[in-house]
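The values are calculated or read from the model by the stated rules, or taken from the named source; none is laboratory data. Note that this is a predicted model, so its numbers are computed, not measured. Quick reminder, even Gly has a Cβ in these numbers, built from the backbone with ideal geometry, and neighbours come from all protein chains shown.
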């Protein structure tokens with residue numbers, strides 16, 4: 001049973017990473033339709049919270065039960081971890097470039113591993129450290145971090161980029177705390193509610209609705225809200241029930257692989273040899289952390 005849950009955890013993280021990888025295509029299409037960066041950031045929690053409200057009203061009303069202390073936690077998670085990432089990554093791209101912002105964002109597995117060591121007492125293992133460097137190195141290659149022409153460096157951009165990486169790490173670590181405290185459904189419901197309310201102060205719902213003027217815009221708004229937000233965040237949170245935070249952060253690094261493949265399919269962004277090597281490194285990191293876990297489980301069975 002334990003082994004089955006671990007496998008489910010890996011499958012959920014892979015699905016989350018795959019869904020997040022679709023963000024680039026959906027964002028570009030919304031940009032073409034006239035949505036600016038903050039509007040796109042506001043659409044994500046807006047669509048998500050509507051979904052969570054409806055689905056929990058129908059299927060699980062107990063998800064609405066909480067207390068003041070938990071609400072404070074959900075507020076921090078929503079405003080700092082969720083909105084922090086939405087806004088920080090947007091401004092990192094604005095001040096630098098997609099490549100620079102992405103490299104800084106993908107430092108988050110390092111931060112997760114360090115925070116998990118102190119908060120959850122997760123141990124540094126040889127396999128996990130090697131997998132970490134393979135994942136980060138793979139992300140670096142996929143976003144063409146080796147190409148000086150792809151980089152644009154300045155202090156505000158670096159700060160926003162590091163903040164985006166840190167907030168993604170916080171989503172991971174605070175998510176682990178949340179699933180230990182109670183229902184992940186409650187966490188998602190209230191965290192996205194607070195995240196949406198905050199961004200509505202800058203982009204009110206009536207303004208967002210006013211920009212949805214065609215069937216195409218409806219499709220892409222629902223896409224970025226459901227495919228790139230509801231599905232990955234739900235899978236990500238549930239996966240944290242079964243596997244540790246640092247492993248989750250490494251396995252979710254499949255995101256840039258999906259983004260690169262979709263870029264090739266939809267925008268004819270052809271891949272270079274080093275980018276393909278980056279994909280191989282990330283796949284190797286995912287296999288390595290699973291191999292390590294499998295061996296550990298076998299040893300436990302042998303002891304018993």
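Please note which helices (runs of 4 or more DSSP H) are completely contained in the stretch 111-200 and include at least 1 residues that are crowded, with 17+ Cβ neighbours inside 10 Å and in contact with a strand residue (DSSP E or B) (Cβ under 6 Å, 6 or more places away or on another chain).
none
Residue 19 - would you say it is touching a helix residue (DSSP H, G or I) at 6+ places or on another chain (Cβ under 9 Å), buried (at least 22 other Cβ atoms within 10 Å of the Cβ) and at pLDDT 95 or above?
So residue 19 fails the test.
Go through the stretch 262-278 residue by residue and tally those that are modelled with pLDDT under 90, under 15 Å from residue 144 (Cβ atoms), touching a helix residue (DSSP H, G or I) at 6+ places or on another chain (Cβ under 9 Å) and exposed (fewer than 15 other Cβ atoms within 10 Å of the Cβ).
The number of residues fulfilling the criteria is 3.
It is to be established whether one or more residues within the stretch 16-30 are assigned to a helix (DSSP H, G or I) and over 30 Å from residue 285 (Cα atoms).
Yes: the stretch 16-30 contains one or more residues that are assigned to a helix (DSSP H, G or I) and over 30 Å from residue 285 (Cα atoms).
Give me the pairs, please: first residue somewhere in the stretch 9-36 and more than 19 Å from residue 86 (Cα to Cα), second residue anywhere and at pLDDT below 90 and not in a helix (DSSP H, G or I), beta-carbon distance under 7 Å, and either six or more positions apart or on two chains.
none
Before we move on, is residue 220 surrounded by 22 or more Cβ atoms within 10 Å (Cβ to Cβ), within 21 Å of the chain's Cα centre (by Cα) and more than 26 Å from residue 60 (Cβ to Cβ)?
yes
How do the helices (runs of 4 or more DSSP H) wholly within the stretch 53-107 filter down when requiring 2 or more residues that are out of contact with any helix residue (DSSP H, G or I) (no Cβ under 6 Å at 6 or more places or on another chain) and without any contact (Cβ under 8 Å) to a residue 24 or more places away in the chain: which remain?
Qualifying helices (runs of 4 or more DSSP H): 68-76.
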